[in-house]
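Structure record follows, encoded as structure tokens.
The values are calculated or read from the model by the stated rules, or taken from the named source; none is laboratory data. The structure presented is a predicted model; accordingly, all values stated were derived computationally and were not measured. Cβ placement follows ideal geometry from the backbone for every residue including glycine, while neighbour counts extend to all protein chains displayed. To get the accessible areas, we keep the full protein, side chains included, count just its heavy atoms, and leave off ligands, DNA and RNA. Shrake-Rupley method; radii C 1.70, N 1.55, O 1.52, S 1.80 Å.
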Amino acid sequence: MNTNDALYTYCVRLADTAVILSQRFCEWCGHGPILEEDIAMSNMGLDLIGQARGFYAYAAALENKGRSEDDIAFHRNEREFTNRCMVEQPNYDFAYTMVRSFLHGAAAYLQYRELTKSGDETVSGLAAKSLKEMTYHVRHSSEWLIRLGDGTDESKVRVQNAVDDLWQFTDELFEMDEVDQMLIRNGIACDLTQLRQEWDQMVDEVFSKAGITKPAPGGFQSKGGMKGMHSEHLGHLLSEMQFLQRAYPDAKW
Amino acid sequence: MNQQIIQEDDIRREEEFNARIAAGKTIEPKDWMPERYRRQLLRMMSQHAHSEVVGMLPEGNWLTRAPSLMRKAVLLAKIQDEAGHGLYIYSGAETLGTDRSEMIDQLLSGKAKYSSIFNYPTLNWADMGAIGWLVDGAAIVNQTVLAKCSYGPYARAMVRICKEENFHNKQGYQIMAVLMRGTKAQQEMAQDAMNRWWWPSLMMFGPPDKDSPNSGDLMRWKVKLQSNDDLRQRFIDRTVPQAEAIGLRIPDDKLKWNPQTRHYEFGEINWEEFNNVIRGNGPCNKLRLKQRRDAHAEGNWVREAAAAYAAKHARA
Amino acid sequence: MSNQHQWPAWEVFTQKTDGEAHEHAGNVHAPDAEMALLNARDVYGRRQEAVNIWVVPSSAITASTPDDVGPFFDPANDKMYRWPNYFKTPDGIKQI
Ligand SMILES: [Fe+2]
Ligand SMILES: [Fe+2]
């Protein structure tokens with residue numbers, strides 16, 4: 001593995017996570033709890049599609065085999081997808097969607113903030129744009145966590161359930177491997193383990209305002225999205241997302 | 001009290017109102033207006049707003065299957081605009097004294113109508129092209145005229161909306177154009193969508209003028225500025241050449257250009273189908289209402305929670 | 001039923017570019033001020049229409065009524081001297 005290969009993999013991972021989460025936001029479109037929130041979730045979906053396109057396009061350029069962003073997004077199977085498993089979890093309800101948006105968003109925010117200092121200009125440029133977007137996603141989802149946690153009895157139960165269920169995917173948000181290590185050495189990527197503490201502070205602050213109990217450490221933690229180990233949900237999501245490209249492989253859209 | 005004086009007063013006010021309309025003045029929410037004007041406008045505006053919101057569903061059906069990331073982004077932005085349109089028109093309609101939640105209750109109970117075009121299913125990707133191009137195209141023809149209507153909040157909502165609609169129309173046409181340049185399967189997909197959406201699009205302008213019950217009043221009040229048939233003709237005249245340019249066939253054997261009138265002549269519209277769909281017997285009437293009801297019911301706890309939080313934290 | 005959870009309306013004012021006055025854009029429904037601000041951003045800032053946003057509870061706005069038109073605004077119409085072009089500048093003076 002050389003730096004180029006590592007950076008390709010790194011970009012595809014970021015793009016995979018963004019595209020899968022955008023797909024989950026797309027599912028809300030037309031079904032949100034109120035028009036204003038429908039519009040807000042579409043905005044976040046659009047931000048994430050934009051992030052995915054940016055990183056896929058860069059990955060395609062690094063790979064230099066004439067593939068496009070769509071070739072990478074639509075022509076890999078679930079074992080080849082490298083997104084964080086949290087984002088492929090179904091929406092279940094609005095609380096799940098907001099809790100996921102917050103937990104993932106806070107980690108993405110920190111990662112992009114560090115990547116703005118990347119030695120690779122394209123990465124730092126994409127990170128700067130993504131950072132602004134994630135700043136807003138975190139603000140939006142924190143406000144919702146606080147309202148749901150301190151709203152009605154029902155919303156309190158729902159938001160706590162979502163936190164309890166999604167917590168098993170939080171360690172993975174900071175998982176790294178040899179790809180990260182190589183790029184850290186080259187000043188391109190950032191060390192996620194160093195961001196964990198700050199992430200915990202962000203979570204603690206919002207949870208305490210919301211009256212949400214942070215799950216005790218030691219529970220099961222899912223791992224391995226970056227190596228293509230996923231939950232059962234991803235395959236279904238992809239079969240829907242990739243349907244047209246797979247059914248008409250010779251078509252342009 | 002004195003019934004006669006009140007009546008005379010109303011007659012005088014109505015004459016003043018009619019004179020203002022005739023002079024091309026805009027009516028604003030706090031102006032006096034005849035009760036029938038208020039009712040008709042509320043009916044029209046709430047129907048229009050419902051149509052924007054229900055209209056998100058057929059396109060939403062393909063959002064998660066969009067064939068490229070660019071198409072997905074464009075479609076999501078487009079459907080999101082429709083949510084915005086619903087929002088602008090609801091807020092315009094609220095100035096007539098009815099809350100958005102009340103209007104939504106009327107939609108969900110089946111009392112209020114929405115455009116029957118959205119009771120047709122989206123069965124292939126080309127339907128996204130057909131909707132943007134034909135359905136939004138028809139909406140643009142309608143809305144451009146409505147932007148000059150006599151009720152200020154409605155007209156202003158239309159101005160804002162018209163600015164966004166051209167993007168909808170263009171992205172739809174581009175989807176069709178790309179498909180027509182594509183493989184045989186893609187061309188068939190596009191033609192299939194054309195065949196299914198053409199006639200319902202023509203129905204969007206409403207029944208022929210001779211059978212349009214509310215048109216008289218609405219035209220006099222300048223809520224409606226052109227008749228259903230005129231608008232339909234304008235839509236056909238501008239759309240047929242667009243279809244021809246990309247090689248799509250219009251599914252109408254009687255369609256032909258009349259060089260004398262400088263308009264296209266077209267075949268008989270199936271008004272029985274139109275009336276059936278309006279009465280609730282279209283392919284997707286039940287589904288669309290169910291989808292809206294489910295979203296509303298599932299969102300209730302969310303709206304309730306935020307309201308409860310706000311009440312707890314309101315500054316005394 | 002749903003009426004009791006109808007969120008109140010907020011009027012939205014957007015500033016298009018730095019230094020310009022805020023203009024009325026429309027309204028949104030929101031449970032409180034912070035959410036109103038976020039909703040306004042999402043609804044009225046989709047096409048980069050704003051660099052700054054105000055939200056005001058719709059109920060806080062007091063408006064003049066159509067009956068006020070005469071007494072409120074007509075008295076200004078005989079005071080043309082408030083407009084600079086009311087005053088003739090002597091010939092030969094380019095700028096004042
Ligand atoms: Fe629209
Ligand atoms: Fe539209």
On the given criteria, is B:Thr95 within 14 Å of ligand 1 (Cβ to nearest atom) and open to solvent by 30 Å² or more (accessible area, probe 1.4 Å)? no
Is it the case that some residue within the range B:262-276 is exposed (fewer than 14 other Cβ atoms within 10 Å of the Cβ), modelled with pLDDT of 95 or more, more than 18 Å from B:Ser201 (Cβ to Cβ) and away from chain A (no Cβ under 14 Å)? yes
The listed residue being surrounded by fewer than 24 Cβ atoms within 10 Å (Cβ to Cβ), out of contact with any helix residue (DSSP H, G or I) (no Cβ under 8 Å at 6 or more places or on another chain), more than 9 Å from chain B (Cβ to nearest Cβ) and more than 21 Å from A:Lys129 (Cα to Cα), out of A:Asn64, A:Asn4: A:Asn64
Can you list residue pairs whose Cβ atoms sit under 7 Å apart, with the first residue in the range C:46-65 being touching a residue at least 24 places away in the same chain (Cβ under 8 Å) and the second being open to solvent by 40 Å² or more (accessible area, probe 1.4 Å) and in a helix (DSSP H, G or I)? Count only pairs 6 or more apart in sequence or on different chains. C:Ile53/C:Leu37; C:Ile53/C:Arg41; C:Val55/C:Ala33; C:Val55/C:Leu37
Picking from B:Thr26, B:Thr64, which residue would you name as being free of Cβ contacts under 8 Å to residues at least 60 places away in the same chain and more than 20 Å from the chain's Cα centre (by Cα)? B:Thr64
Do we have any residue at all in the range B:186-206 that's open to solvent by 60 Å² or more (accessible area, probe 1.4 Å) and more than 22 Å from B:Val277 (Cα to Cα)? yes
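Has the range B:171-183 got any residue that is within 15 Å of ligand 1 (Cβ to nearest atom) and farther than 17 Å from C:Arg47 by Cα? Outline the logic, then answer.
Of the range B:171-183, the ones within 15 Å of ligand 1 (Cβ to nearest atom) are B:171-172.
Still in the list and also farther than 17 Å from C:Arg47 by Cα: B:172.
Yes: one or more hits.
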Taking B:Ile89 as the residue in question, decide whether it is among the β-branched types (Val, Ile, Thr), in a helix (DSSP H, G or I) and either touching a residue at least 60 places away in the same chain (Cβ under 8 Å) or surrounded by 23 or more Cβ atoms within 10 Å (Cβ to Cβ) (or both). yes
Does A:Val179 fit the bill of being out of contact with any strand residue (DSSP E or B) (no Cβ under 6 Å at 6 or more places or on another chain), facing chain B (nearest Cβ under 10 Å) and assigned to a helix (DSSP H, G or I)? no
Residue selected from the range B:168-177 under the condition without any contact (Cβ under 8 Å) to a residue 60 or more places away in the chain and within 14 Å of chain A (Cβ to nearest Cβ), by the criterion nearest to ligand 2 (Cβ to nearest atom): B:Gly172
Could you identify the single residue in A:Ser124, A:Ser155, A:Ser101, A:Ser142 that is within 14 Å of another protein chain (Cβ to nearest Cβ), among the polar types (S, T, N, Q) and open to solvent by 10 Å² or more (accessible area, probe 1.4 Å)? A:Ser142
In the range B:121-141, residue nearest to the other protein chains (Cβ to nearest Cβ) [restricted to those that are surrounded by 23 or more Cβ atoms within 10 Å (Cβ to Cβ) and away from ligand 2 (no atom under 16 Å from the Cβ)]: B:Trp125
Do we have any residue at all in the range A:211-218 that's within 14 Å of chain B (Cβ to nearest Cβ) and at pLDDT 95 or above? yes
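Might you let me know whether the range B:207-225 holds any residue that is within 16 Å of ligand 2 (Cβ to nearest atom), open to solvent by 10 Å² or more (accessible area, probe 1.4 Å) and within 30 Å of C:Pro66 (Cβ to Cβ)?
First, the residues of the range B:207-225 that are within 16 Å of ligand 2 (Cβ to nearest atom): none.
No - not one qualifying residue is present in the range B:207-225.
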Considering (1) within 18 Å of the chain's Cα centre (by Cα); (2) open to solvent by 50 Å² or more (accessible area, probe 1.4 Å), say which one B:His48 fails and leave the rest. (2)
Would it be correct to say that B:Ala112 is more than 13 Å from every other protein chain (Cβ to nearest Cβ) and either under 30 Å from B:Lys30 (Cα atoms) or crowded, with 24+ Cβ neighbours inside 10 Å (or both)? yes
Would you call A:Lys223 touching a residue at least 60 places away in the same chain (Cβ under 8 Å) and within 19 Å of A:Thr82 (Cβ to Cβ)? no
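So is B:Ala155 assigned to a helix (DSSP H, G or I), within 13 Å of ligand 1 (Cβ to nearest atom) and within 27 Å of B:His50 (Cβ to Cβ) or not?
No.
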Tally time: how many residues in the range B:282-303 are within 30 Å of B:Val240 (Cβ to Cβ) and either loosely packed, with under 13 Cβ neighbours inside 10 Å or within 14 Å of another protein chain (Cβ to nearest Cβ) (or both)? 3
How many residues does the range B:147-167 contain that are within 14 Å of ligand 2 (Cβ to nearest atom) and either open to solvent by less than 20 Å² (accessible area, probe 1.4 Å) or among the β-branched types (Val, Ile, Thr) (or both)? 5
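Condition test on B:Ala306, is it out of contact with any Asp or Glu (no Cβ under 6 Å at 6 or more places or on another chain), more than 18 Å from B:Met204 (Cα to Cα), among the aliphatic types (A, V, I, L, M) and within 14 Å of another protein chain (Cβ to nearest Cβ)? Steps first, answer last, please.
On the way: out of contact with any Asp or Glu (no Cβ under 6 Å at 6 or more places or on another chain): yes; more than 18 Å from B:Met204 (Cα to Cα): yes; among the aliphatic types (A, V, I, L, M): yes; within 14 Å of another protein chain (Cβ to nearest Cβ): yes.
Considered against the rule, which asks whether it is out of contact with any Asp or Glu (no Cβ under 6 Å at 6 or more places or on another chain), more than 18 Å from B:Met204 (Cα to Cα), among the aliphatic types (A, V, I, L, M) and within 14 Å of another protein chain (Cβ to nearest Cβ), B:Ala306 comes out as yes.
Output the residue which, of all residues in the range B:51-81 that are β-branched (Val, Ile, Thr) and either open to solvent by 10 Å² or more (accessible area, probe 1.4 Å) or more than 15 Å from ligand 2 (Cβ to nearest atom) (or both), is nearest to the other protein chains (Cβ to nearest Cβ).
Taking the range B:51-81 first, the residues β-branched (Val, Ile, Thr) are B:53-54, B:64, B:74, B:79.
Narrowing further to those that are either open to solvent by 10 Å² or more (accessible area, probe 1.4 Å) or more than 15 Å from ligand 2 (Cβ to nearest atom) (or both): B:64, B:74.
Details: B:Thr64: 5, B:Val74: 10 Å.
My answer is B:Thr64.
Yes or no, residue by residue, for (1) at pLDDT 95 or above; (2) within 9 Å of another protein chain (Cβ to nearest Cβ); (3) open to solvent by less than 80 Å² (accessible area, probe 1.4 Å):
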{"position": "C:Glu11", "(1), (2), (3)": "yes, no, yes"}
{"position": "C:Ile53", "(1), (2), (3)": "yes, no, yes"}
{"position": "C:Thr62", "(1), (2), (3)": "no, no, no"}
{"position": "C:Val69", "(1), (2), (3)": "no, no, yes"}
